[in-house]
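A.B. asks: Below you'll find the structure I mean.
The values are calculated or read from the model by the stated rules, or taken from the named source; none is laboratory data. All of these numbers come straight from a predicted model, not from anything done at the bench. In this analysis, Cβ positions are derived from the backbone assuming ideal geometry, glycine residues included, and neighbour counts consider all displayed protein chains.
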Amino acid sequence: MEKRRNGPLNILLAGPRGFCAGVDRAVMIVEQALRKYGPPVYVRHEIVHNRHVVESLEARGAVFVDHLSECPDDRPVIFSAHGVPKSVPAAAAAREMIYIDATCPLVSKVHREAERHHAEGCHIILIGHAGHPEVIGTMGQLPAGAMTLVETAADARKIQPPRPGGPLAYVTQTTLALDETAEILAILQERFPEIRAPRREDICYATTNRQEAVKAVAARSDMVLVIGAPNSSNSRRLVDVASRAGCRKTALIQRARDIDWPALADVGVLGITAGASAPESLVTEVVEACRGRFGAITVEEVITATEDVAFKLPRGLAA
């Protein structure tokens, strides 16, 4: 057992944390599809970025694949919460497959915004991270060349639209860091004062709420643990936000077994949060691991917002 210099370990649990409404809906879609059609049900890409969730669904008969070509014609296929290019459902329809779209409604909202701006003659600037499934899906809503990706403030300073002086609009990935995105937007708006904005903020409520909660926790913590997958954009952003909020030590872990216990030796106050695709059971697991390791702990919830958002399941899958 680690020797503690500051008495019991005080744990601050950020709230909100963990599953958001879009993730809840996506997981429920896979569960309901397994009940309706029986296993196997195929899922194109991880339904959400969390191995624990994926493995639990695999145990029930979900088969996760990278490409539609890996799916048989006679079994249902589900598209992940991150969204897919338009070519994917078109290919599934051409094969007369049963396909179910689990795209988060807030990601779909970004798709519709991009389509609207494109129809109005705008070139679209997408603020996001190259290679992320959500970015691939969003760029795939429009013809090639209709959208330009901006990842950083440096990109924003040097981007040259394909039609100088032509109308511009922007959309964003839903899981970005608020402060970093604000910096990029400020540069774009200074360079292109007429750039058109979404009707409503693209960064989703769950991303915003979790970042504000981790800021509150980080300000009081010696270390912050973020529970989430390394390929989870919103989880990685929580690590960044905690660091920028002044916490001297931060770490991204997938579950309790990943905790670097020696790093906690001089930690008196430990902040804990979870990305939007991490279930609460993993938070409980981490807290109980701390209790088992150090014995005396206190747990305080630091709640900065409450959430009551729920999204309906697709027609035909509702219980």
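A.B. asks: Quick check on the range 295-319: of everything there that is of a type outside the set (D, E, K, R) and in contact with a Pro (Cβ under 7 Å, 6 or more places away or on another chain), which residue is farthest from Glu31 (Cα to Cα)?
C.D. replies: Residues of the range 295-319 of a type outside the set (D, E, K, R): 295-299, 302-306, 309-311, 313-314, 316-319.
Still in the running and in contact with a Pro (Cβ under 7 Å, 6 or more places away or on another chain): 296-298, 305, 311.
On the way: Ala296: 39, Ile297: 36, Thr298: 36, Ala305: 29, Phe311: 15 Å.
Here the residue is Ala296.
A.B. asks: Just give me the residues in the range 86-98 being touching a Leu at 6+ places or on another chain (Cβ under 9 Å) and either of a type outside the set (A, V, I, L, M) or within 25 Å of Thr175 (Cβ to Cβ) (or both), in sequence order.
C.D. replies: Lys86, Val88, Arg95, listed by residue number.
A.B. asks: Here is a further query. Does the range 230-246 hold any residues that are in contact with a helix residue (DSSP H, G or I) (Cβ under 6 Å, 6 or more places away or on another chain) and either under 20 Å from His129 (Cα atoms) or part of a helix (DSSP H, G or I) (or both), and which are they?
C.D. replies: Asn234, Leu238, Val241, Ala242
A.B. asks: Would you point out which residue out of Asn209, Asn231 is surrounded by fewer than 17 Cβ atoms within 10 Å (Cβ to Cβ) and closer than 30 Å to Lys109 by Cβ? Lay out the reasoning, then the answer.
C.D. replies: Values: Asn209 fails: surrounded by fewer than 17 Cβ atoms within 10 Å (Cβ to Cβ).
Every option except Asn231 fails the conditions.
A.B. asks: OK, next. Restricting to the range 160-185, and then to whatever is modelled with pLDDT of 95 or more and over 17 Å from Thr208 (Cβ atoms), can you tell me which residue is surrounded by the fewest Cβ atoms within 10 Å (Cβ to Cβ)?
C.D. replies: Once the filter is applied, the top-ranked residue is Pro167.
A.B. asks: Working only within the range 279-305, note down all residues that are assigned to a loop (DSSP other than H, G, I, E, B) and at pLDDT 95 or above.
C.D. replies: Here is the first cut: in the range 279-305, the residues assigned to a loop (DSSP other than H, G, I, E, B) are 279, 295-296, 304-305.
Matches in the range 279-305: Pro279, Thr304, Ala305.
A.B. asks: Sticking with this one: Checking the structure you have, find out if any residue of the range 57-75 is aliphatic (A, V, I, L, M) and either under 26 Å from Glu201 (Cα atoms) or in a loop (DSSP other than H, G, I, E, B) (or both).
C.D. replies: Checked the range 57-75: at least one residue is aliphatic (A, V, I, L, M) and either under 26 Å from Glu201 (Cα atoms) or in a loop (DSSP other than H, G, I, E, B) (or both).
A.B. asks: Follow-up question, since we're still on this one. Of the conditions (1) crowded, with 21+ Cβ neighbours inside 10 Å; (2) over 27 Å from Glu212 (Cβ atoms); (3) over 20 Å from the mean Cα position of the chain (by Cα), Leu12 fails just one. Which one is it?
C.D. replies: Answer for Leu12: the failing condition is (2).
A.B. asks: How about the range 10-48: which of its residues are closer than 30 Å to Phe294 by Cβ, out of contact with any Lys or Arg (no Cβ under 8 Å at 6 or more places or on another chain) and either free of Cβ contacts under 8 Å to residues at least 12 places away in the same chain or outside any strand (DSSP E or B) (or both)?
C.D. replies: Across the range 10-48, the qualifying residues are Gly18, Phe19.
A.B. asks: What are the residue pairs meeting all of these: first residue in the range 277-288, first residue in contact (Cβ under 8 Å) with a residue 24 or more places away in the chain, second residue among the acidic types (Asp, Glu), Cβ atoms under 9 Å, and 6 or more apart or on different chains?
C.D. replies: Ser277/Glu46
A.B. asks: If you don't mind, there's one more thing I want to ask. All but one of (1) without any contact (Cβ under 8 Å) to a residue 40 or more places away in the chain; (2) under 26 Å from the mean Cα position of the chain (by Cα) hold for Gly292; state the number of the condition that does not hold.
C.D. replies: It fails just one condition, (2).
A.B. asks: Still on this structure, I have one more. Return the residues of the range 247-266 that are assigned to a loop (DSSP other than H, G, I, E, B), surrounded by 14 or more Cβ atoms within 10 Å (Cβ to Cβ) and of a type in the set (A, V, I, L, M); say none if nothing qualifies.
C.D. replies: Correct list: Ile259 only.
A.B. asks: Kindly check whether there is at least one residue in the range 230-251 that is of a type outside the set (A, V, I, L, M, F, W, C), outside the structural domain of Ala177 (by TED's automatic domain parsing) and farther than 27 Å from Thr172 by Cβ. Can you show your working first?
C.D. replies: Let us first name the residues in the range 230-251 that are of a type outside the set (A, V, I, L, M, F, W, C), namely 230-237, 240, 243-244, 246, 248-250.
After this cut, where a residue has to be outside the structural domain of Ala177 (by TED's automatic domain parsing) as well, the list is 230-237, 240, 243-244, 246, 248-250.
Retained after the next criterion (residues that are farther than 27 Å from Thr172 by Cβ): 248-249.
Checked the range 230-251: at least one residue is of a type outside the set (A, V, I, L, M, F, W, C), outside the structural domain of Ala177 (by TED's automatic domain parsing) and farther than 27 Å from Thr172 by Cβ.
A.B. asks: Related question: What do you reckon, is Val30 surrounded by fewer than 23 Cβ atoms within 10 Å (Cβ to Cβ) and over 17 Å from the mean Cα position of the chain (by Cα)?
C.D. replies: Criteria not met by Val30.
A.B. asks: Go through (1) free of Cβ contacts under 8 Å to residues at least 60 places away in the same chain; (2) not in a helix (DSSP H, G or I) one by one and return the number of the condition Val54 breaks.
C.D. replies: (2)
A.B. asks: Taking Glu31 and the conditions (1) more than 18 Å from Pro314 (Cβ to Cβ); (2) at pLDDT 95 or above, which numbered condition does it fall short on, given that it satisfies the others?
C.D. replies: All conditions are met except number (1).
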